[in-house]
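Engineer: Quick one: the structure is below, questions incoming.
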Amino acid sequence: MKAMVLDGVRDLREESEPLRLADVEVPHPGEGEVLLKVHACGVCHTELDEIEGRTAPPSYPVIPGHEIVGTVETRGEGVSSLEVGDRVGVGWIFSSCGSCEYCNSGNQNLCLEFKATGRDADGGYAEYMTVPEISAHRVPDVFSDVEAAPLMCAGAIGYRSLRLTGIQNGQNLGLTGFGGSGHLVLKMVGYRYPDTDVYVFARNPSERQFAHELGAVWAGDTADTAPVGLHAIIDTTPAWKPVVEAMRNLRPGGRLVINAIRKESLDQDYLMRLDYAEHLWMEREIKSVANVAHGDISGFLELAAEMGSKPETGEYALEDANRALLELKGGNVRGAKVLRMF
C-alpha cells in the first residue's frame with residue numbers, strides 16, 4: 001500500500017519534504033482490532049508537532065495522521081460491534097489501558113497508558129491502517145468522507161474545549177486562531193448558545209473575514225483588545241503570544257482554555273510579558289486540554305449530525321501531504337485540509 005512516512009525529526013524551515021512516499025505492507029488486525037481501508041485523513045497541526053519534535057513519536061518510521069475516515073476491511077478475533085463495510089472514523093486516541101480511574105470515568109485522554117494515533121501507532125496517511133475496535137466510531141451518513149475527517153480531531157477537541165470553558169448562553173466567548181478547530185467551535189456556539197457573542201483574534205485578515213462570514217460579531221488581530229470583556233476564550237494556536245494577549249481580554253473570573261497539545265518555542269520569550277496584575281489577577285485562570293476521550297468523538301459526531309453543519313475543507317492527494325503540511329505551517333488556512341485516498 002502507499003503511505004507517507006516520517007523517518008525522524010525534521011526542521012520545516014529548511015526541509016520541504018519531511019515525509020516520504022513509500023510502499024509498505026498492508027497491516028494485519030490483531031485481537032480486538034479492525035483493518036480500515038482509509039478514504040480520507042485530515043491534516044492537523046499536531047502533525048507539525050510530531051515532525052518538528054515537540055511531541056515526537058517513540059520510534060521511527062511512523063505513519064502520521066489522526067483525522068481518519070474509512071471502511072472496515074477485515075476484523076480481528078473478538079471484534080463484535082463492527083462489521084465489514086461499516087464506515088468509521090478514528091481520532092487522536094488510539095488506545096488506553098481501559099481499567100484505570102480515568103478510563104473508568106470516561107477520561108481515557110488522561111490515562112497514563114494513552115497512545116496516540118499516528119504517533120504511538122501508525123495512522124491515516126496511508127491506504128490502510130489497523131485500530132482497536134473501541135477507537136473506531138461510526139460516522140453519520142450526512143457527512144462525506146472528506147467532510148467527516150476534520151470532525152475526528154479539530155471538531156472533537158473543539159467540543160471538549162467548549163465544554164471546559166464552562167460558558168453559559170449569553171456570555172461572551174473568544175477564539176484565538178481560526179483554522180480547522182476554531183471554525184467548527186464557532187458553528188457549535190451558534191447552535192448550542194444562540195445568545196452568546198463570539199469574538200475572534202487571528203493574525204491573518206482572511207481568517208478574520210472568514211470568522212465574520214460564519215457569524216463572529218467582531219474579529220481583530222491577535223494583539224487587539226476586544227470591545228468587551230470575555231467570560232472565556234479558547235486558544236487554538238501553536239504560539240505563546242495569543243495566550244498572553246488572551247488573558248488580557250478576560251473578564252474577572254474568566255477562563256482561558258488551551259487546546260493545543262504542544263506550543264512552538266519560536267515566541268516563547270513572549271511569556272516574559274505575562275504580568276500578574278494585568279493578566280492573572282482577579283481570579284482569571286488557564287486550563288489545558290489533554291487530547292480527547294472516546295466520548296468527545298462520539299458526542300461531537302452526534303451533535304454535528306444534529307446541527308447539519310459541515311466543515312469547510314480543501315482536498316489534497318495523499319502524495320501532496322507535504323504541500324498541505326507546509327501550507328498549514330505557513331498559516332495558509334481556511335477551514336480544514338484533508339488528504340483523499342480513493
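Every read-out reported here was derived from the displayed coordinates using simple, explicitly stated rules and does not represent laboratory data. All of these numbers come straight from a predicted model, not from anything done at the bench. Note that we place each Cβ from the backbone using ideal geometry, even for glycine, and neighbour counts take in every protein chain shown.
Engineer: For residue 315 and residue 28, FRET efficiency with R0 = 30 Å and r from the beta-carbon atoms, rounded to 0.05?
Structural biologist: Details: r = 30 Å, r/R0 = 0.99.
So, using R0 = 30 Å, E works out to roughly 0.50.
Engineer: Additional query: Would you be so kind as to identify which of 156, 135, 225 lies farthest towards the positive end of the dipole of the range 110-240, taking Lys and Arg as +1 and Asp and Glu as -1 on Cβ and the Cα centre as origin?
Structural biologist: 225
Engineer: So how do 41, 97, 103 line up by other beta-carbon neighbours within 10 Å, fewest first?
Structural biologist: Details: 41 36, 97 14, 103 19.
Result, fewest neighbours first: 97, 103, 41.
Engineer: Give me Rg over Rh for the range 156-288, both radii from the alpha carbons and Rh done the Kirkwood way, two decimal places. Don't skip to the end; give the middle numbers.
Structural biologist: Details: Rg = 13.3 Å, Rh = 14.4 Å.
Taking Rg over the Kirkwood Rh, I get 0.93.
Engineer: Please name which of 254, 282, 266 has its Cα lying farthest along the dipole of the range 247-289 towards the positive end, using unit charges on Cβ (Lys, Arg +1; Asp, Glu -1) and the Cα centre as origin.
Structural biologist: Of the candidates, 254 comes out farthest on the positive side.
Engineer: Next up: For the chain, set up a GNM with springs between Cα atoms under 10 Å and report which of 207, 83, 245 has the largest fluctuation.
Structural biologist: 83
Engineer: Using label points projected 7 Å from each Cα along Cα→Cβ, tell me how many nm separate residue 326 and residue 169, to one decimal.
Structural biologist: Computed distance between label sites residue 326 and residue 169 equals 4.8 nm.
Engineer: Moving on to the next point. In whole angstrom, how far apart do the alpha carbon centroids of the range 126-166 and the range 246-315 sit?
Structural biologist: 18 Å
Engineer: Classify the chain from the C-alpha gyration tensor, please: rounded if a/c falls under 1.5, else prolate or oblate depending on whether a/b exceeds b/c. Present the calculation step by step, with values, prior to reporting the outcome.
Structural biologist: On the way: a/c = 1.72, a/b = 1.51, b/c = 1.14.
Prolate is the answer for the chain, as a/c is 1.5 or above and a/b outweighs b/c.
Engineer: Using a Gaussian network model on the chain with a 10 Å cutoff between Cα atoms, which of 194, 140, 242 fluctuates the most?
Structural biologist: Comparing 194, 140, 242 in the GNM, the peak value goes to 194.
Engineer: Follow-up. Can you give me the long-range amide H partners of residue 10? Hydrogens built in the peptide plane at 1.01 Å from N, cutoff under 5 Å, separation of 5 or more residues or another chain.
Structural biologist: When sequence neighbours closer than 5 places are left aside, the close amide H contacts are 52, 53.
Engineer: For residue 221 and residue 274, FRET efficiency with R0 = 25 Å and r from the beta-carbon atoms, rounded to 0.05? Can you show the working numbers first?
Structural biologist: Details: r = 19 Å, r/R0 = 0.76.
According to the calculation, E is roughly 0.85.
Engineer: Oh, and also: In deg cm²/dmol and to the nearest 500, what is the mean residue ellipticity at 222 nm of the chain if only DSSP H runs of at least 4 residues count, each as -39500 (n - 2.57), divided by the residue total? Working shown, then result.
Structural biologist: Values: 9 runs with 80 residues, N = 342.
Roughly -6500 deg cm²/dmol at 222 nm, from the helical runs in the chain.
Engineer: Now, a different point. Taking neighbour Cβ counts within 10 Å as the exposure measure, how do 240, 281, 218, 92 sort from fewest upward? Present the calculation step by step, with values, prior to reporting the outcome.
Structural biologist: Details: 240 21, 281 10, 218 18, 92 26.
The most exposed by this proxy come first: 281, 218, 240, 92.
Engineer: Set the Förster radius R0 to 51 Å, insert the Cβ-Cβ distance between residue 191 and residue 14 as r into 1/(1 + (r/R0)^6), and round the FRET efficiency to 0.05.
Structural biologist: Numbers: r = 43 Å, r/R0 = 0.84.
Calculated transfer efficiency: 0.75.
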